[in-house]
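The values are calculated or read from the model by the stated rules, or taken from the named source; none is laboratory data. The shown structure was predicted, so the numbers you read here are calculated from the model rather than taken from an experiment. Using ideal geometry, Cβ is built from the backbone for each residue, glycine included, and neighbour counts are taken over all protein chains shown. For the accessible areas, the whole protein counts, side chains as well, though only heavy atoms, and no ligand, DNA or RNA atoms are used. Shrake-Rupley method; radii C 1.70, N 1.55, O 1.52, S 1.80 Å.
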Amino acid sequence: MIYYIHIIEVVYLNGTIEQGILGNSKLLVGIGTKGHITHLFWPNLDFAEHMEASFAGIYSDKTGFGWTTDSPWDYSQTYIKDAPIIRTVMHNPEIGIDVEVTDFVHSKDDILVRHFRIINRSRDDINLKLFYYLDLKIMETLTGNAAFYDSDSDSIIQYYRQCYFACGGDIKMSGYQCGAHNDGSDAFSDVYDGRLEGNPLIISHGSKGINSSQLWDLGRFSPGEEKEVTIFIGMGSDENRALSSLLTARQNCYKGLYEDTERYWNEWLSRSREVKKFSEVYRRSLITLKLLSSREWGGVIAAPTTVPNYRFCWPRDGAYIITALDRAGYHEEAEKFYFWCKIAQEKEHHVHCGLKGDVLVCSTADGKAGGWKQRYFISPPMVGPSWGPQIDETGAVLSGIVYHYRLTKDKKFLKENWSMIMKAAEYICYMQEKQGRDGIMCRCFGPWEEKWARHLYSNAACYSGLKAASMIARVLGERDMIAARWDEAANCIKKGIEREFWDADAGYFRKSIDPIDKTVDTSILGIVIPFRVFSAKDERVRKTVARIEEAFNYPVGGIGRYPGDVYYGGNPWIITTMWLAIYYRYTGNIARADELARWCIEHATELDMLPEQVNRDTGEPLSAIPLGWSHAMLVHYILEWEKRR
């Protein structure tokens, strides 16, 4: 059917989904540039993603039917200040109307609110009907779904297993259709004659998905007249809970829910550190990071995307994100994240695959558990698909813990997490090379998760993690022998870095050894930010930074990961550009630091969402949007500027 191609064209733009996000740290919704829903994650931020497609359509007596995602509509979009509330204004010059859609998720209840305000901008009377299309793949499958019209609640309920969705408006529908893809009942195709057939029940057969459409006949609009319809999507683990969510939303009404949500976010932001520089994108970044953090479990997803599939918690990404929130004043979110880390940490007697020298080994109780795998589902923590050990994750978590202590001086927090800290530090020591290349870490995957080697970034992370654990041991008055051993292990890593990674002939730090890779790589900055192996003013670091600057000359500017990068064609990244900006802020080169930071902000989306990458030729946002790590680096830069101004 033609409609399925249409849906794909609406949602995807060159493989990248440009979206803003709404949520309450349990329900997470993406809104695309044309006012369509791109993603709907519930009841957890990482699973399940239920949305196939959802958007509105207008039938007028002048032009017939058209989806608001099609030509000739044009669009503008903005966030309401200091809240995850998106307002999309769609204008149709042929009909002469505006459709203004205000989208938000209630701050406490799992309700998506979509408020439609339709205005006749023409000089003539027109008759209009509003259609709303909902196409769900509940629990990420098209099979087994069912939908029916419930006359008592005047809503359509779609369900599969323990996930129920009840969709209805604040005024009575004029028509409905429950249908199946590529079928005579298809609710997408049923709209074009301006009415709906009224099929009350559909059950999927085989792999054929189901869909629904709803209709509100709004009647005649005189010039300048406007009318409003609010559509609510309530969720629950059974029919009664979903209906209760919908009915509660109707009772509280659009205005009440809007005011609740706006009040909640204004209060939450009032607890953050105030900044003078880039204050609007700073606050938007804080909200974005909060939306990516699980209310129940504390884990943080990298991005709310399935293409690429970043809806996992990498402990490394999580540490960057949480230290940004922690630094901004959100210590409770940080404590929840480290609680999540404690649950996710590998336990004794669990099989762990890692390297000792060049041999892949699986260890149980006679080895050392205590590290973290590459990435996790967050709710509850479960190991996600991974391609090998990545020891920088463990060092990053320990570094984040000690950073939280420096901010809060909370010894109780350290005591509650001492067992986790001790196991993690012992795991790093276990993964150190004791023979041959004395002191440096065993081979593993690096920060970009591409190559198997001994990576400078990974060694820097483990150095910082052991220094953090040693400090914590002393703060808690634990055995001096443990603190001294961890301190010595960290010093061995630093000596190994100086001996093995510094290339005196080339005049810069190598990216990795075993095998040697002399490619200039921006992740080398990890030796300064955040892991502080060396001072930012160390002459070797200065020389390495000069080589990083020379390595990239994209038409649109920005800094990439390394020359020859092929991921998405090889482009400048926000995190690498911000990394260099923070470095220059450390060294006092304020002009270059601000130039790089402004480049990142200028390449955000219309909604100030920061992508993972920027197209090297066009300057368009690319890959995951929004990426939590990108927003975290911006927050770190702004707070560093405040600290040093």
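Can you report the number of residues in the range 545-566 which are open to solvent by less than 20 Å² (accessible area, probe 1.4 Å) and under 20 Å from ASP594 (Cα atoms)?
Selection size over the range 545-566: 6.
In the range 218-244, which residue that is touching a strand residue (DSSP E or B) at 6+ places or on another chain (Cβ under 6 Å) and part of a helix (DSSP H, G or I) is surrounded by the most Cβ atoms within 10 Å (Cβ to Cβ)?
ALA242
Within the set of pairs 6+ apart or on separate chains, which have a first residue in the range 490-513 that is of a type in the set (Val, Ile, Thr), a second that is open to solvent by 50 Å² or more (accessible area, probe 1.4 Å), and C-beta atoms under 9 Å apart?
Going by the 9 Å Cβ cut-off, the qualifying pairs are ILE513/ARG437.
Out of ILE575, ILE590, report the one residue that is under 22 Å from the mean Cα position of the chain (by Cα) and aliphatic (A, V, I, L, M).
ILE575
Kindly evaluate VAL541 against the criterion of being of a type in the set (A, V, I, L, M) and within 25 Å of LYS467 (Cα to Cα).
The answer is yes for VAL541.
Just one of (1) modelled with pLDDT under 95; (2) open to solvent by 60 Å² or more (accessible area, probe 1.4 Å) trips up GLN432, so point out which.
Checking GLN432 against (1) modelled with pLDDT under 95; (2) open to solvent by 60 Å² or more (accessible area, probe 1.4 Å), the one that fails is (2).
Looking at the range 461-485, which of the residues that are more than 34 Å from the chain's Cα centre (by Cα) and touching a residue at least 60 places away in the same chain (Cβ under 8 Å) is most open to solvent (accessible area, probe 1.4 Å)?
Filtering the range 461-485 for residues that are more than 34 Å from the chain's Cα centre (by Cα) and touching a residue at least 60 places away in the same chain (Cβ under 8 Å), the one most open to solvent (accessible area, probe 1.4 Å) comes out as GLU478.
How about the range 132-172: which of its residues are surrounded by fewer than 18 Cβ atoms within 10 Å (Cβ to Cβ), of a type outside the set (S, T, N, Q) and assigned to a loop (DSSP other than H, G, I, E, B)?
Those that are surrounded by fewer than 18 Cβ atoms within 10 Å (Cβ to Cβ), of a type outside the set (S, T, N, Q) and assigned to a loop (DSSP other than H, G, I, E, B): GLY144, ASP152, ASP154, ARG161, ASP170, ILE171, LYS172.
Would you be able to say whether some residue in the range 270-284 is touching a Lys or Arg at 6+ places or on another chain (Cβ under 8 Å), part of a loop (DSSP other than H, G, I, E, B), modelled with pLDDT of 95 or more and closer than 16 Å to PHE41 by Cα?
no
As an exercise: evaluate LEU215 against (1) outside any strand (DSSP E or B); (2) of a type in the set (A, V, I, L, M); (3) in contact with a strand residue (DSSP E or B) (Cβ under 6 Å, 6 or more places away or on another chain) and give the number of the one condition it does not meet.
Unmet condition: (1).
So that you can scan it fast, the table gives a plain yes or no per residue for (1) open to solvent by 10 Å² or more (accessible area, probe 1.4 Å); (2) more than 26 Å from PRO389 (Cβ to Cβ); (3) of a type outside the set (A, V, I, L, M); (4) touching a helix residue (DSSP H, G or I) at 6+ places or on another chain (Cβ under 7 Å):
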position: LEU246; (1), (2), (3), (4): no, yes, no, no
position: TYR258; (1), (2), (3), (4): yes, yes, yes, no
position: ASN266; (1), (2), (3), (4): yes, yes, yes, no
position: TYR282; (1), (2), (3), (4): no, yes, yes, yes
position: LEU291; (1), (2), (3), (4): no, yes, no, no
position: VAL300; (1), (2), (3), (4): no, no, no, yes
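Within the range 192-210, is there a residue that is in contact with a strand residue (DSSP E or B) (Cβ under 7 Å, 6 or more places away or on another chain) and within 22 Å of ASP103 (Cα to Cα)?
no
Take the conditions hydroxyl-bearing (Ser, Thr, Tyr) and out of contact with any helix residue (DSSP H, G or I) (no Cβ under 8 Å at 6 or more places or on another chain) and apply them to SER76. Does it pass?
Against the criterion (hydroxyl-bearing (Ser, Thr, Tyr) and out of contact with any helix residue (DSSP H, G or I) (no Cβ under 8 Å at 6 or more places or on another chain)), SER76 qualifies.
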